[in-house]
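Novice: Here's a structure for you.
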Amino acid sequence: MILFPLMFYLWSTSNAENESISKPNIVLIMVDDLGIGDLGCYGNTTLRTPNVDSLAKKGATLTQHIAAAPLCTPSRAAFLTGRYPVRSGMASLNRLGVFLFSASSGGLPTEEITFAKLMQQQGYSTALIGKWHLGINCNSSDDFCHHPLNHGFDYFYGIPVNNIRDCRPGHGSVFASGIKMYIPTTLQITGTALISLAVLHYIGLLRVSHRVLGYSFLMTALLLGLLMYFFYNFRYLNCFLMRNHDIVQQPWSYENLMQRFTEEAKRFIKRNSDAPFLLLLSYPQVHTALYVSQDFKGKSKHGLYGDAVEEMDWSVGQILHALDQWHLSERTLVYFTSDQGAHLEEISSNGEVHGGYNGIYKGGKSTNWEGGIRVPGLVRWPGVVEPNISIDEPTSNMDIFPTIVKLAGAPLPMDRIIDGHDLMPLLQGIALQSKHEFLFHYCNAYLNAVRWHPGNSKSIWKAFFFTPNFSPKGSNGCYDSHVCFCHGNFITHHDPPLLFDLSKDPEEKNSLTPETESHFYEILQVIQQAVNNHTKSLTVVPNQFSLGNILWKPWLQPCCSSFIQFCYCNNDS
């Protein structure tokens, strides 16, 4: 059974004469915040996902597929580059681990090489439809240094930042608690400081010119006014839809948004049915704010979240049908995943669960417990990947980079470390063990845990150097702070590290001790040596999440009209 796929793969990747085989079409589907337990092919019995499940029946299911980070921005950077986010500066040293503002200067550095850029050089037509979340501009509102079109995509139709509650009226606010907490406090502290300064001046204890006092009051008022303006107009400033470099809807309309992304993807497939193409379909769903079209509203057993999952599945079915319609299925590798685990903290104002289900796995988005990083991984390629197979070896979303770049006939970059490994040997049964002996799990820029799969053992060891403090205590997430944080009082350090054997305890319920594991210290010693080697491979790069890179900068604000009109336009057709 292995011989034919092996011969086919070797022939398909070396025979340049038959371009339709040696350069297969690539369709990559990434869902935002989807839990591994939300899909029928991973054990869900209450949500209907027949189209996604068909990918598993007709291809390979990766049961231990790992996101390189438990948050959107760093995970997507790793996916596109095949490298740990810390290597490109896409890992934060601060509390904020994702880009929140369209008018900030951080983003995927221009020096980074994405799979889209390499495949574009091999003659592929490339498109990103949906969510980007890796920055837009550097120095002006139209330099587009971080834009998808500057990273190898020929075509972009989607949202450059993120779909959050503040983008949809009536769905609450991610910033509301911060505004209530910090704005009054800031006003109080600033006001007290300025009044104290004025009093000290007038009683003669401190000499300050009237001009300095006046400027201080004026600048403080302007700064606070600017902040208030931004937060109360966030939807107009941050929630917009782009086609290539143009804003076509600001703010975007949620009406039939999933259908619009689906139709754009189908049109791209049709336009490129006679030449190799790469399509990255990056759904903003099922991240909040949740939305569904009328056809799916109220149809699932799990409220708005379940409706959104089932509409996403419908969209996947539309893409697969388009590949069949244009006779492309056997020439197309389809990959399906999520950028990280389900967001357990997402609860609506009326108490409805707006986050997904991570199955048996502990924790969720923003944590490196298995629920935060173990994601769906489905690969279908008829005639090359056998149907209905399961691969239980550790794999990573970084593996897509070398896999599809090699299939496209492009050499891997030699001037940088690529952390992913080609999946084809595993997918075809040529290799029985993953090349990932170690996987390093980062919480922002902090090394949080390490996974070790020894070559001579079925055990998969996982050591935690620190763990998040769930809040409230005893829960499965950090409900009080929307996400779990990575440093300070939000975590507990462990010395010795917490150690689990995932092959026996995938739920991470029982940490091992020297009494329950005779090789306890030997295992930790090997892991520590791997950490030392990994750390030596890192180089210092500019951090894209520095304070200067994440702040909102008015001069970088993309806007399709004047500020007086609140950046409003509706030209999407």
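Novice: Residues 503, 511, 471: which one is closer than 21 Å to residue 434 by Cβ and surrounded by 14 or more Cβ atoms within 10 Å (Cβ to Cβ)?
Specialist: Criteria check complete, one pass: 503.
Here is a yes/no grid of residues against (1) without any contact (Cβ under 8 Å) to a residue 40 or more places away in the chain; (2) touching an Asp or Glu at 6+ places or on another chain (Cβ under 6 Å); (3) on the phi < 0 side of the Ramachandran plot; (4) hydrophobic (A, V, I, L, M, F, W, C):
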| site | (1), (2), (3), (4) |
| --- | --- |
| 399 | no, no, yes, no |
| 403 | yes, yes, yes, no |
| 407 | no, no, yes, yes |
| 410 | no, no, yes, yes |
| 414 | yes, no, yes, yes |
| 421 | yes, yes, yes, no |
| 443 | no, no, yes, yes |
| 449 | no, no, yes, yes |
| 456 | yes, no, yes, no |
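Novice: Out of 505, 501, 572, which single residue is over 18 Å from residue 141 (Cα atoms) and in contact with a helix residue (DSSP H, G or I) (Cβ under 8 Å, 6 or more places away or on another chain)?
Specialist: Exactly one of 505, 501, 572 is over 18 Å from residue 141 (Cα atoms) and in contact with a helix residue (DSSP H, G or I) (Cβ under 8 Å, 6 or more places away or on another chain), namely 572.
Novice: Would you tally the residues in segment 122-146 being under 26 Å from residue 24 (Cα atoms), of a type outside the set (S, T, N, Q) and buried (at least 18 other Cβ atoms within 10 Å of the Cβ)?
Specialist: Selection size over segment 122-146: 7.
Novice: Regarding residue 383, is this residue outside the structural domain of residue 339 (by TED's automatic domain parsing), in a loop (DSSP other than H, G, I, E, B) and not basic (Lys, Arg)?
Specialist: It is false that residue 383 is outside the structural domain of residue 339 (by TED's automatic domain parsing), in a loop (DSSP other than H, G, I, E, B) and not basic (Lys, Arg).
Novice: Out of segment 118-143, which residues are over 23 Å from residue 32 (Cβ atoms) and either under 20 Å from the mean Cα position of the chain (by Cα) or part of a loop (DSSP other than H, G, I, E, B) (or both)?
Specialist: 122, 123, 124, 138, 139, 140, 141, 142, 143 - these are the residues of segment 118-143 that are over 23 Å from residue 32 (Cβ atoms) and either under 20 Å from the mean Cα position of the chain (by Cα) or part of a loop (DSSP other than H, G, I, E, B) (or both).
Novice: Listed residues 307, 246; which is farther than 23 Å from residue 80 by Cβ and either at pLDDT 95 or above or of a type in the set (A, V, I, L, M, F, W, C) (or both)?
Specialist: Only one candidate passes the filter, namely 307.
Novice: Can I ask one more? Tell me, please, whether a residue that is in contact with a His (Cβ under 8 Å, 6 or more places away or on another chain), among the aliphatic types (A, V, I, L, M) and either part of a loop (DSSP other than H, G, I, E, B) or surrounded by 24 or more Cβ atoms within 10 Å (Cβ to Cβ) (or both) can be found in segment 84-94.
Specialist: Checked segment 84-94: no residue is in contact with a His (Cβ under 8 Å, 6 or more places away or on another chain), among the aliphatic types (A, V, I, L, M) and either part of a loop (DSSP other than H, G, I, E, B) or surrounded by 24 or more Cβ atoms within 10 Å (Cβ to Cβ) (or both).
Novice: Does segment 272-287 contain at least one residue that is within 29 Å of residue 117 (Cβ to Cβ), polar (S, T, N, Q), part of a strand (DSSP E or B) and in the same structural domain as residue 253 (by TED's automatic domain parsing)?
Specialist: Yes, segment 272-287 has at least one match.
Novice: Please indicate, with yes or no, whether at least one residue in segment 244-253 is surrounded by fewer than 23 Cβ atoms within 10 Å (Cβ to Cβ) and either under 14 Å from residue 130 (Cβ atoms) or acidic (Asp, Glu) (or both).
Specialist: yes
Novice: While we're looking at this one, here's another question. Please go through (1) exposed (fewer than 14 other Cβ atoms within 10 Å of the Cβ); (2) touching an Asp or Glu at 6+ places or on another chain (Cβ under 7 Å) for residue 522 and return the number of the only condition it doesn't satisfy.
Specialist: (2)
Novice: Still on this structure, please answer the following. Identify the residue in segment 144-160 that is in a loop (DSSP other than H, G, I, E, B) and not aromatic (Phe, Trp, Tyr) and, among all such residues, is nearest to residue 264 (Cα to Cα).
Specialist: 154
Novice: Restricting attention to segment 135-167, report how many residues are touching a Lys or Arg at 6+ places or on another chain (Cβ under 8 Å) and not aromatic (Phe, Trp, Tyr).
Specialist: 8
Novice: Pairs please, first residue from segment 461-473 and without any contact (Cβ under 8 Å) to a residue 12 or more places away in the chain, second anywhere and assigned to a strand (DSSP E or B) and of a type outside the set (Gly, Ala, Ser), Cβ atoms under 6 Å, 6+ apart in sequence or on different chains.
Specialist: Short answer, once both residue conditions are applied: 471/478.
Novice: Based on this model, can you work out whether residue 521 counts as out of contact with any Cys (no Cβ under 7 Å at 6 or more places or on another chain) and modelled with pLDDT of 95 or more?
Specialist: It is true that residue 521 is out of contact with any Cys (no Cβ under 7 Å at 6 or more places or on another chain) and modelled with pLDDT of 95 or more.
The values are calculated or read from the model by the stated rules, or taken from the named source; none is laboratory data. Keep in mind the model is a prediction, meaning the values are calculated, not measured. Reconstructed Cβ throughout: ideal geometry from the backbone, glycine too, with neighbour counts over all protein chains shown.
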